[in-house]
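Here the structure is laid out as structure tokens; the discussion comes afterwards.
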Amino acid sequence: MKRIALVTLVLVASSLVVPGARAQEIEDRSLRLAGGLVLGMEGELDANVGDLETNGDLDPSIGFDVRAELPVADFLAIGGWFQFLTVEGEAMGSEREETLSFDAFVRGRWVVEAVQGELFLEPYVLVPIGLSLAILGNDDDVWAGFNTGVFGGIQVLHASGFGGYLEAGWRHAQVFRKDDVPIVGDIESSLVLNEFALNLGVVFALGGS
């Protein structure tokens with residue numbers, strides 16, 4: 001009887017440990033590749049030229065991103081993304097302009113096993129920071145600057161490695177330019193973007209089964 005009880009205990013323990021080990025390998029430590037749609041819903045665009053400042057609202061922004069990340073701890077992943085976003089002010093005569101972002105990010109996460117060994121949910125907070133380039137005007141002048149933000153979201157991942165994500169938050173970007181104007185001298189200009197952002201896409205963990 002003791003031998004039967006011991007064998008039963010070992011089998012039960014094995015059924016719990018093996019799926020847990022597979023889950024750890026799949027969604028805790030695997031390199032993940034992702035990409036999707038980038039949207040801006042509500043926002044403002046501030047323009048500063050020397051001592052002059054103007055403020056205006058933004059039309060909805062749209063673009064895409066591609067990203068890669070590596071979970072480095074149970075509650076932390078690090079990664080980077082490339083983002084292409086087009087923006088346009090609401091003012092009459094405004095044109096849609098292109099922006100590029102190259103960011104590193106940290107993602108604090110909480111892994112929830114929704115279906116044992118099969119389906120995992122990850123609520124998270126993501127903070128990016130990086131380089132922004134804005135391509136402006138008919139001459140395609142390039143303004144350089146930085147961007148950051150804060151996003152809250154959820155990632156859903158199947159044991160196969162396929163999944164998706166949805167995140168919303170605040171996007172901030174600022175680009176600069178200096179012009180040498182005869183007689184006047186150097187004039188510094190900047191554009192500052194703040195908007196509510198919504199990102200959604202697909203993800204694939206390379207360690208999926």
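Quick notes on this one:
- Residue in the stretch 129-142 that is in contact (Cβ under 8 Å) with a residue 60 or more places away in the chain, assigned to a loop (DSSP other than H, G, I, E, B) and either surrounded by fewer than 18 Cβ atoms within 10 Å (Cβ to Cβ) or under 21 Å from the mean Cα position of the chain (by Cα) (or both) present: no
- Test for L166: is it of a type outside the set (D, E), at pLDDT below 95 and part of a strand (DSSP E or B): no
- Restricting the stretch 158-175 to residues that are surrounded by 17 or more Cβ atoms within 10 Å (Cβ to Cβ) and small (G, A, S), the residue that is farthest from G40 (Cα to Cα): A159
- Options N147, N138: the member that is polar (S, T, N, Q) and either modelled with pLDDT under 90 or over 30 Å from R29 (Cα atoms) (or both): N138
- Residues within the stretch 103-117 that are touching a residue at least 24 places away in the same chain (Cβ under 8 Å) and either touching a Pro at 6+ places or on another chain (Cβ under 8 Å) or surrounded by 15 or more Cβ atoms within 10 Å (Cβ to Cβ) (or both), tallied: 10
- Counted as qualifying within the stretch 34-102 are the strands (runs of 3 or more DSSP E) with 3 or more residues that are surrounded by 13 or more Cβ atoms within 10 Å (Cβ to Cβ) and free of Cβ contacts under 8 Å to residues at least 60 places away in the same chain, namely 61-73, 76-87.
- Selection count, the stretch 159-179, where residues are out of contact with any helix residue (DSSP H, G or I) (no Cβ under 9 Å at 6 or more places or on another chain) and either over 19 Å from V49 (Cβ atoms) or free of Cβ contacts under 8 Å to residues at least 24 places away in the same chain (or both): 12
The values are calculated or read from the model by the stated rules, or taken from the named source; none is laboratory data. Computed from a predicted model, the values in this text were never measured in an experiment. With ideal geometry, Cβ positions are generated from the backbone for all residues, glycine too; neighbour counts draw on all protein chains shown.
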